[in-house]
Amino acid sequence: MRTDIFARLDREPEPPKIETPRMSRHRIALFGGTLAFYVAIVIAVLMSSWLVTLDWKVMLFRPYQQWPEIHAALDYYVVLGQRGPTAVMVACWLGWRSWRQHTLRPLLTLGASLLLLNLTVGAVKIGLGRLGPHYATRIGSAELFAGGDIFPSGHTANAVVTWGILAYLAATPRARRYLSAMSAIVSLGVGLTTVYLGTHWLSDVLLGWAAGLLILLGLPWVEPLITRAEDWIFAARARLGAPGSRPVPAAPATGTPLPVPAGQPAADEAAAQGPAYGPAGRPQTASGRPRPHPAPAAHPAHAVRSERTPVTPAGSRRPPHADRAPRGGTAPARPVAGG
């Protein structure tokens, strides 16, 4: 059983694997079709066409009274479209990915998408000023320019963007397909839930789906700004990361003369002038300060055994002896006593 998994996570981060989507022809075609659908919904509501009539029929049907047993469950399910809770959940996941892969692109992409969502959807909401079903004043009316903020549906658009950003930032095509299907189901359910609860017209939900999809399809146009923002943040972090630190100068190579600062006499000129002595008999510099004692000379480094010159013995290390004969020779005859 391995116990160093967390240490490996800290020491061996994965390289970034997030591919940046590009504005292909297929994506541009989808963006254009979605934009045309968006404009058609707005025009249909402005003209109080059959779509407004359908809105009133669904509202008078009162789905929350037809199926009251699922009302409590859908009250919790609609939270998946609220901006605050969903943004926190998705930001936690993307923040872990940013830390794991050493890139800020996931968090910056989420922030850019939510900013675009607030600007575009909020501007249309305030501009059209439509009232919701619970605040309608006249049957069959589009309830526009009445001070409301219900058109398009913010819950639906937020569900499309917040959960769709996971598919947009997926690392593999397979994960992108699964996450796209999941985000489509969640956003579809959130939109229909708001119609069931009576908080939105059906046309609000249709426009909310289109508004969120337009933001997801147009994100590749914002990618250069996201890259610049990431580079600027990392550059600022590098400047402010270690205040007061200075680069350490490299040690000079062996045999290279050290540079002499301006205004300081060279070593040979100082030696030619000779040391100056103070009143106490101690040598001092030209400024009057006592000259420091010279550092003791460093002992030469001992040679490594592998660097020593091998010595081949030329003969025996024993001193020569008068009574001994060299090896391999004939010993001299000794006189025999008493002979």
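Expressed as a whole percentage, what fraction of the accessible surface of segment 101-227 belongs to carbon and sulfur atoms when a 1.4 Å probe is rolled over the protein heavy atoms?
Working: 3620 of 4990 Å².
Carbon and sulfur: 73 percent of the exposed surface of segment 101-227.
Between ARG22 and MET89, what FRET efficiency comes out of the Förster formula 1/(1 + (r/R0)^6) with R0 = 25 Å and r the beta carbon distance, rounded to 0.05?
Numbers: r = 28 Å, r/R0 = 1.13.
For R0 = 25 Å, the calculated efficiency reads 0.35.
If you roll a 1.4 Å probe over the heavy atoms of the protein chains, what accessible area per residue do you get for segment 54-138, in Å²?
The answer is 57 Å² per residue.
If I compute solvent accessible area with a 1.4 Å probe over the protein chains, what percent of it on segment 17-65 is carbon and sulfur?
Working: 2170 of 3300 Å².
C and S fraction of accessible area: 66 percent.
So how much slack lies between ALA235 and ALA72, counting 0.36 nm per residue of separation and subtracting their Cα-Cα distance, in nm? Write out the running numbers ahead of the final one.
Numbers: separation 163, 0.36 × 163 = 58.68 nm, distance 5.00 nm.
Difference between extended and current length: 53.7 nm.
Rounded, prolate or oblate for segment 21-69? Axes are the square roots of the Cα gyration tensor eigenvalues, ordered a ≥ b ≥ c, and the cut-off for rounded is a/c under 1.5.
On the way: a/c = 6.24, a/b = 1.91, b/c = 3.27.
Since a/c reaches 1.5 but b/c is at least a/b, the shape of segment 21-69 is classed as oblate.
What is segment 30-142 by shape, rounded, prolate or oblate, if you read a ≥ b ≥ c off the alpha carbon gyration tensor as root eigenvalues and call it rounded for a/c under 1.5, prolate for a/b larger than b/c, and oblate otherwise? Show your work: numbers first, answer last.
Working: a/c = 2.89, a/b = 1.58, b/c = 1.83.
Since a/c reaches 1.5 but b/c is at least a/b, the shape of segment 30-142 is classed as oblate.
At q = 0.10 Å⁻¹, what log₁₀ I(q)/I(0) does segment 98-193 have when each alpha carbon counts as one equal point scatterer in the Debye sum?
With no solvent term, the Cα-only Debye profile gives -0.38.
Looking only at segment 194-216, which residues have a backbone nitrogen under 16 Å from a spot 7 Å from the Cα of LEU46 in the C-beta direction?
In segment 194-216, the label zone of LEU46 (backbone N under 16 Å from the point 7 Å along Cα→Cβ) covers 207.
Arrange the peptides 179-187, 149-157, 31-39 so that the one whose residues have, on average, the most other Cβ atoms within 10 Å appears first.
In descending order of packing, they fall as 149-157, 179-187, 31-39.
The values are calculated or read from the model by the stated rules, or taken from the named source; none is laboratory data. In this text the structure is predicted, and so the values were computed from the model without any measurement. Backbone-built Cβ (ideal geometry, glycine too); neighbour counts: all protein chains shown. For the accessible areas, the whole protein counts, side chains as well, though only heavy atoms, and no ligand, DNA or RNA atoms are used. Shrake-Rupley method; radii C 1.70, N 1.55, O 1.52, S 1.80 Å.
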